[in-house]
Amino acid sequence: MTRIARVAGFAGCVLAASLIGTDAAQADSAGQCSALTRAPNADTKITSATLMTATATLPEYCNVQGNIGPGTIGFVVQLPTKWKAAPKQADDD
């Protein structure tokens, strides 16, 4: 599989994960966050997903770490548990 396809698969996982911010999902943020490690994707391995509690400067978020492809491309994503905005693309105005 090409590198572009792997990145697209990862992006799909992140988009799906970012949409968990509904009121019902917020009640179980820790369970939603840890469930990301079981998300099925052959080319993306999520190695950890940890719920980070809110601080004075940061809201609560899920800290997701993993690898794309054969372990050569690492990533870290911080997904907010209270997502209010619609996903945007670079060319949206």
- Query: Among the listed residues LYS45, LYS82, LYS88, which satisfies the condition of being among the charged types (D, E, K, R), modelled with pLDDT of 70 or more and part of a loop (DSSP other than H, G, I, E, B)?
  - Reply: LYS82
- Every listed condition ((1) under 18 Å from PRO40 (Cα atoms); (2) at pLDDT 90 or above) holds for TYR61 save (1)
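The values are calculated or read from the model by the stated rules, or taken from the named source; none is laboratory data. As the structure is a prediction and not an experimental result, all values here were calculated from the model.
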